[in-house]
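Working notes, structure below.
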Amino acid sequence: MRISKTTHNALQILIATAKSGNNLVKGAAIAHELGLTEQNTSKIVHLLSRGGFIKAVRGPQGGMTLALNPADIRIGDVVLAMERMTIEDERQVHGGFNDIFDVALDAFVSVLNQHTLADVVRSKRGGPLAGLSGKQAKSKGQKSKRKTAAILDSVRKQRAHTTKARGLPK
């Protein structure tokens, strides 16, 4: 599964906001830092605010800060909140595949939710989303792979059960 550019930028904005600590950070500063337009940044900040991830303060002394502790912001929750509209659009196009997509989405979000914004910010790799790859992922190594394998096994069993219950071929 892939995430949209908007979702990727939302994660980048959350990381930049988390790095500012409790200080209000200006949207224009983040836009400049990330190479985004101020208009696009404003749109994404609005979505993050509606999702409960960011508190935005208007006015000349305004800015934004995280609405939650970075350790309480799970990456999968952010992706799910940002991708929700895209997922709903896809459901209309694919019709009868909704159950399959629901199971796949649950597995995808479950794996992403093994990581928090705090994990990503703490990452020593320095890259914007380094916490989701590189040294940290390697140090978790086999444990992370076993969790992913267990989730995929569960998804396969659920799919087989659903298919069998409907009398459809596997």
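The values are calculated or read from the model by the stated rules, or taken from the named source; none is laboratory data. For clarity, every value in this text was computed on a predicted model and none was experimentally measured. Note that we place each Cβ from the backbone using ideal geometry, even for glycine, and neighbour counts take in every protein chain shown. Each accessible area value is taken on the protein alone, full model and side chains, heavy atoms only, with ligands, DNA and RNA left out. Shrake-Rupley method; radii C 1.70, N 1.55, O 1.52, S 1.80 Å.
Tell me the residue from GLY95, GLY131 that is modelled with pLDDT under 90, at positive phi and not in a loop (DSSP other than H, G, I, E, B), please.
Details: GLY131 fails: at positive phi.
Matching residue, one of GLY95, GLY131: GLY95.
Look through region 18-75, keep the residues that are out of contact with any strand residue (DSSP E or B) (no Cβ under 8 Å at 6 or more places or on another chain) and of a type in the set (Asp, Glu), and return whichever of them is nearest to GLN114 (Cα to Cα).
GLU33
On the given criteria, is GLY52 modelled with pLDDT of 90 or more, surrounded by 16 or more Cβ atoms within 10 Å (Cβ to Cβ) and not hydrophobic (A, V, I, L, M, F, W, C)?
In short, no.
Applying the selection to region 1-28, what residues are over 15 Å from the mean Cα position of the chain (by Cα) and open to solvent by 50 Å² or more (accessible area, probe 1.4 Å)?
Residues satisfying the conditions are LYS19, ASN22, ASN23, LEU24, LYS26.
Which residue pairs have Cβ atoms closer than 7 Å, lie 6 or more positions apart in sequence or on different chains, and pair a first residue in region 1-20 that is assigned to a helix (DSSP H, G or I) with a second residue that is open to solvent by less than 40 Å² (accessible area, probe 1.4 Å) and of a type in the set (Ser, Thr, Tyr)?
ILE13/THR41; THR17/THR65
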